[in-house]
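K.L.:
Here it is: the structure, laid out below.
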């Protein structure tokens, strides 16, 4: 049984999540209605996973995520939100969020998200990825060189540096140099963010 803390300022959402977790492999050990309460509850109950609403009084979900990550706390965190803008989404990825779920999505996706995050993988709501793809049509795709574009496509496929090096006929060290340059050009923080946002620079 995985112990979960839920922070959301809407009682109906709290009740709905609690109902969805009932009978699952997840136990809701605490609920909070504000960012400050969430931080206190995390310290008090030490949950194995945290589900945070993005918009809360007295500290947003991103604020809570930022504070626990700055304290060296790397426990899995899922953001639950009605909507999130591009800037907030990018911030969440930089703060190493483990999952992002839209409240407007199928409720059954909550368990899918938690299962994926618990296994050590990241889970991003499919609707968010679709929106990112639609927005990509207006991005400048001439930012990267042809070789950098090839590398990004391989990163999106989930390939490791060694496999990328073999595919492109270069060394792993060169792959790392290319990755660093791509990170600098695109402003992404890590491979995961690059893979998720790849369509902004290399198309579909």
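K.L.:
Filter the range 152-163 for residues that are under 16 Å from residue 201 (Cβ atoms) and surrounded by 14 or more Cβ atoms within 10 Å (Cβ to Cβ) and give the result. I'd like the intermediate steps shown before the answer.
P.N.:
Restricting attention to the range 152-163, the residues satisfying the condition of being under 16 Å from residue 201 (Cβ atoms) are 152-157.
Hits for the range 152-163 are 152, 153, 154, 155, 156.
K.L.:
Against the condition exposed (fewer than 13 other Cβ atoms within 10 Å of the Cβ), under 19 Å from the mean Cα position of the chain (by Cα) and either over 30 Å from residue 203 (Cα atoms) or not assigned by TED's automatic domain parsing to the domain that holds residue 197 (or both), how does residue 60 come out, does it pass? Spell out the reasoning first.
P.N.:
Values: exposed (fewer than 13 other Cβ atoms within 10 Å of the Cβ): no; under 19 Å from the mean Cα position of the chain (by Cα): yes; either over 30 Å from residue 203 (Cα atoms) or not assigned by TED's automatic domain parsing to the domain that holds residue 197 (or both): yes.
Criteria not met by residue 60.
K.L.:
I've got another one for you. Quickly run through the range 90-102 and pick out the residues that are on the phi < 0 side of the Ramachandran plot and modelled with pLDDT of 85 or more. Outline the logic, then answer.
P.N.:
As a first pass, look at the range 90-102 and keep what is on the phi < 0 side of the Ramachandran plot: 90-95, 97-102.
Residues satisfying the conditions are 91, 92, 93, 94, 95, 97, 98, 99, 100, 101, 102.
K.L.:
Return the residue satisfying two criteria in turn: it lies in the range 95-111 and is part of a helix (DSSP H, G or I) and touching a strand residue (DSSP E or B) at 6+ places or on another chain (Cβ under 7 Å), and of such residues it is farthest from residue 75 (Cα to Cα).
P.N.:
Start the filter on the range 95-111 by keeping residues that are part of a helix (DSSP H, G or I), which leaves 109-111.
Retained after the next criterion (residues that are touching a strand residue (DSSP E or B) at 6+ places or on another chain (Cβ under 7 Å)): 109-110.
Values: 109: 20, 110: 18 Å.
The residue in question is 109.
K.L.:
Can you find a residue that is under 17 Å from residue 104 (Cα atoms), at pLDDT 95 or above and surrounded by 17 or more Cβ atoms within 10 Å (Cβ to Cβ) anywhere in the range 67-78?
P.N.:
yes
Residue-wise test of (1) in contact with a strand residue (DSSP E or B) (Cβ under 7 Å, 6 or more places away or on another chain); (2) in the same structural domain as residue 193 (by TED's automatic domain parsing); (3) surrounded by 15 or more Cβ atoms within 10 Å (Cβ to Cβ); (4) within 20 Å of residue 110 (Cβ to Cβ).
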{"position": "9", "(1), (2), (3), (4)": "yes, no, yes, yes"}
{"position": "18", "(1), (2), (3), (4)": "yes, no, no, yes"}
{"position": "22", "(1), (2), (3), (4)": "no, no, no, yes"}
{"position": "39", "(1), (2), (3), (4)": "no, no, yes, no"}
{"position": "46", "(1), (2), (3), (4)": "no, no, no, no"}
{"position": "51", "(1), (2), (3), (4)": "yes, no, yes, yes"}
{"position": "83", "(1), (2), (3), (4)": "no, no, no, yes"}
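K.L.:
Continuing with the same structure: Which of the following residues is modelled with pLDDT under 85, more than 9 Å from the chain's Cα centre (by Cα) and outside the structural domain of residue 192 (by TED's automatic domain parsing): 114, 109, 128? Let's see the steps before the verdict.
P.N.:
Numbers: 114 fails: modelled with pLDDT under 85; 109 fails: modelled with pLDDT under 85.
Of 114, 109, 128, the one residue that is modelled with pLDDT under 85, more than 9 Å from the chain's Cα centre (by Cα) and outside the structural domain of residue 192 (by TED's automatic domain parsing) is 128.
K.L.:
If you don't mind, another one. Please tell me if residue 29 is at pLDDT 95 or above, under 17 Å from residue 117 (Cα atoms) and in a strand (DSSP E or B).
P.N.:
Values: at pLDDT 95 or above: yes; under 17 Å from residue 117 (Cα atoms): no; in a strand (DSSP E or B): yes.
So residue 29 fails the test.
K.L.:
In the range 32-60, which residues are assigned to a loop (DSSP other than H, G, I, E, B) and either within 18 Å of residue 84 (Cβ to Cβ) or in contact with a helix residue (DSSP H, G or I) (Cβ under 6 Å, 6 or more places away or on another chain) (or both)?
P.N.:
54, 55, 56, 57, 58, 59, 60
K.L.:
If the requirement is being out of contact with any strand residue (DSSP E or B) (no Cβ under 6 Å at 6 or more places or on another chain) and at pLDDT below 85, which of these qualifies: 184, 193, 121?
P.N.:
On the way: 193 fails: at pLDDT below 85; 121 fails: at pLDDT below 85.
One residue alone meets the criteria, 184.
The values are calculated or read from the model by the stated rules, or taken from the named source; none is laboratory data. If you're wondering where the values come from, they're calculated on a predicted model, not measured in any experiment. Backbone-built Cβ (ideal geometry, glycine too); neighbour counts: all protein chains shown.
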